[in-house]
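Peer 1: The structure is given below, and queries will be raised subsequently.
Since every read-out is calculated from the coordinates, none of them should be taken as a lab result. Keep in mind that this is a model prediction, so the values were computed, not measured. Cβ placement follows ideal geometry from the backbone for every residue including glycine, while neighbour counts extend to all protein chains displayed.
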Amino acid sequence: MTTDVSIATLNLFNYAEPPLAYHEFDSIYTQAQWQLKTQWLSDWVDQAQPALLGVQEVFSPEALQIQLMTHGYEHFACAGSPSVSGYVANQSVVMLASRFEITEAASVPLDFTLAARFGVNEEFTPSREMLRATIQIPEIGTTDMYVVHLKSPRAMLGHQDVNLEGYSAALAGSALGRWASVVKRGTEAMLLYQAILERRAQTGNAVVVVGDFNATIDSSELRGLLTAPDQLYRGDLHATGLLALNEQERLCHLRHFQLQDAQTLAVACAPDKPKRVSHFHGARGSIVDHILLSQEFDCQQQHSLGQVSQYHIFNQHLIKPKHPHDDYASDHAPVMVSLALRHEGTE
């Protein structure tokens, strides 16, 4: 096995080329600030050299494409367009920069009718469009890569929405507002999961999912993305005909569709890697930027095509920032996995 492909995800934190403002009219980088921000990104790309880079919080996709082209990226895909009113951008997009050919790219088609079954209004819309790009990865073949940015933890309700007054209104507004965000983020995650499974059933393509999920992977709203065969209900096994199979056959069918956290695979395939955080909320750090992989990248599966040889979180700018280099860096850390691909004749 040799390391051949690296995949990374990075929330760029308001990548908006001046004179474009992000969110508010006075939120505009000076040319000096913009230079620092773009230089930080260039320096990291030169250091890490990911072959596939999924990015979030992009308000200026054309500027980002021009910047990354100078670092050897030839293929790009974007989900939707930023929402801009005058010179103020209110809605960012996700993008993919690739050194490999992108044969197809589109926003992920979500089945919004399922939202009503979750108890969510059928008119539900995600916070941002999600990207699915089909890529030709050497030794792996046709791969569907998803780039996502799920709902932030920012409260969707406030004290004025809870029919209370005074201090109790503040408490209820915070609690209910954050729960509303959890519900929306979880709905986005599960509609994405359904779309991934449907596509996998149609094509059999390998799957890579990257992005800012705005929650830890073991959170209640994201846990379903990593549903394992032993978590299925017996009734579902019976209804789908899986119960009639022996255990080995059943696992083979189910693992074809299972996603796994790259960090977990890294521990299994290359143990003793330190755990680091990718984002801080106040003084509390956690990993909210994730890379999920299908069984083609699981070294414990007999017919895997590769394995996670390295898992790295580049958070030095969050732990020990250097002035002025890191002054306009991202508030997230890039997360990257290196994949050692299985070549013919290797074990």
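Peer 1: Give the relative contact order (percent, whole number) for the chain; include only Cα pairs under 8 Å separated by 6+ residues.
Peer 2: Rounded, it is 20 percent for the chain.
Peer 1: Now a separate question. Can you divide the C-alpha Rg of the chain by 2.2 N^0.38 Å and report the result to two decimal places?
Peer 2: Ratio of Rg to 2.2 N^0.38 Å for the chain: 1.03.
Peer 1: As a footprinting exposure proxy, order Lys320, Lys184 by other Cβ within 10 Å, with the fewest listed first.
Peer 2: With the sparsest Cβ surroundings first, the list reads Lys320, Lys184.
Peer 1: Grab the chain and count how many Lys pairs have their alpha-carbon atoms under 26 Å apart, sequence gap of 8 or more, or different chains.
Peer 2: Taking the chain as the scope, the lysine pair count is 9.
Peer 1: Another one. Listed highest first by mean packing, meaning other Cβ atoms within 10 Å per residue, what order do 293-303, 92-102, 64-74 come in?
Peer 2: Most protected by this proxy first, the peptides run 92-102, 293-303, 64-74.
Peer 1: At 222 nm, what helix-only mean residue ellipticity would the chain give, in deg cm²/dmol to the nearest 500, using -39500 (n - 2.57) for each DSSP H run of four or more?
Peer 2: -8500 deg cm²/dmol
Peer 1: Kindly rank 222-234, 144-156 from highest to lowest mean number of other beta carbons found within 10 Å of each residue.
Peer 2: Sorting 222-234, 144-156 by mean packing, highest first, produces 144-156, 222-234.
Peer 1: I've got another one for you. If amide hydrogens are placed 1.01 Å from N in the peptide plane, which non-local residues have theirs closer than 5 Å to the one on Ala79?
Peer 2: Here the answer is Val94, since their amide H atoms fall under 5 Å of that of Ala79.
Peer 1: Here's something else I'd like to know. What is the distance in Å between the Cα centres of segment 177-243 and segment 13-40?
Peer 2: What the calculation gives is 35 Å, centre to centre.
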